[in-house]
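Heads up, the thing below is written out as structure tokens.
Bear in mind that the values in this text are calculations on the coordinates, not laboratory data. Owing to the predicted nature of the structure, the values given are computational and were not obtained by experimental measurement. All Cβ positions, glycine included, derive from the backbone under ideal geometry; neighbour counts span all protein chains shown.
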Amino acid sequence: MSSEDYFAYKGILFPTQGINEETLSYVENDFQVRDDDIFNVVYPKSGTNWMSEILGLIRNDGDPSLVRNVPVFERSPWIETDQGLETALKNPPPRQISSHLPIQLFPKSFLCSKAKVIYTVRNPRDVLVSHYYFSKMLKVWKEFGTLEELLQEFLSGNVPSGSWFDHVKGWLQMKDRDNVFVMTYEELQQDLRGSVKRICHFLGKELNDPQIDSVVENASFQKMKDNKMSNLTMIEEAYMDHKKGKFMRKGISGDWKNHLTVAQSELFDRVYQENMQGVNMTFPWD
Ligand code: A3P
């Protein structure tokens, strides 16, 4: 398998392995969203699996047996992949579904449904660093020799799922809908318990204190790192080289400070300001 094959679908890059144009078109135009679907929508490397775990635990009243026994890609399939779509279509309702799709490629039937979307955003500087390390182990992503090379591609949007800026701005246009909830990775980190309660409230699922304690405990970095159903060690070698890194890498905010030079950080800030002008939301990193 070549590690560098991407294709563009409507201007957005996707890895050639595991995703194809037909699936993307089906997902966008034909996939029937159900009112009881819960979507975990995330730009890559922003906490997709963390939110999958949190949602899986909440939906099971804090009981960890589901997240300990069913691989994350089965209980929260990634809809735009060939395998994920197949799983999503056969999972019984109520379904939990993950996606990295920008709003313009998301299932059209969502717009007239009551399905819920939780959109998680992370400081793009940390997304960049996480992407850099993940690309060393994920064979279907292009690997970069230096962070500088990836930085240029990232800021131009030449990466899987397209530009971070466009992805975030697109989804934020939906944020005032009753069935869309925006969360940040940083809030999850600063106050996981409070965040879990807010997610429960959004889902209309009130848990008692011991149940919330169990969600918080089982969604911790260490618990997920030790859980082979969540730490992606089950992904086959054809897709992931487990000798080259760990999916559960550091799980912290601000790691970019250990990686970006002053010049890179200034460039990032400039591009960020240019792109995020007029966005009506303050993020924890602003
Ligand atoms: P790092 O590479 O910075 O460690 P995604 O699931 O979208 O690919 O995101 C992966 C990032 O989320 C990785 O970041 C990973 O460590 C982090 N992550 C996953 N589970 C986490 C948890 N329970 N707590 C904190 N970070 C978590």
Estimated FRET transfer efficiency (LYS90, GLU149; beta-carbon r; R0 51 Å; 0.05)
0.80
How much length is gained on full extension from GLN32 to GLN190, taking 0.36 nm per residue of separation minus their Cα-Cα distance?
53.3 nm
Estimated vicinal HN-Hα couplings, Hz - region 175-190 in sequence order (Karplus 6.51, -1.76, 1.60; Gly, Pro = x)
5, 8, 6, 5, 9, 10, 10, 9, 10, 10, 4, 5, 5, 4, 6, 5
Rh (Kirkwood, all Cα-Cα pairs) for the chain, Å, reads 19.3 Å
Using only the alpha-carbon atoms, what does region 19-106 span along each of its principal axes? Please give whole angstrom values in decreasing order.
37, 27, 21
Positive-end residue, the chain charge dipole about Cα centroid, Cβ charges, pick of MET51, CYS112, LEU13:
MET51
Normalised by the number of residues in region 3-276, what is the relative contact order in percent for Cα pairs under 8 Å and 6+ residues apart?
26 percent
Of all DSSP beta bridges in the chain, antiparallel share, percent nearest 5:
25 percent
Pop a pseudo-label 7 angstrom from the Cα along the beta-carbon direction at both THR233 and CYS112 and give the gap in nm to one decimal.
4.8 nm
Could you pull out which residues in region 114-150 have an amide N less than 12 Å from a spot 7 Å beyond the Cα of ALA263, following the Cα-Cβ vector?
148
Phi-based couplings in Hz for region 97-102 (Karplus 6.51, -1.76, 1.60; Gly and Pro marked x):
9, 9, 7, 9, 6, x
Between LYS175 and HIS201, what length comes free when the chain is fully extended (0.36 nm per residue of separation minus the Cα-Cα distance, one decimal in nm)?
7.8 nm
Amide H proximity to PHE7 below 5 Å, modelled H, separation 5+ or other chain, gives PHE14, THR16
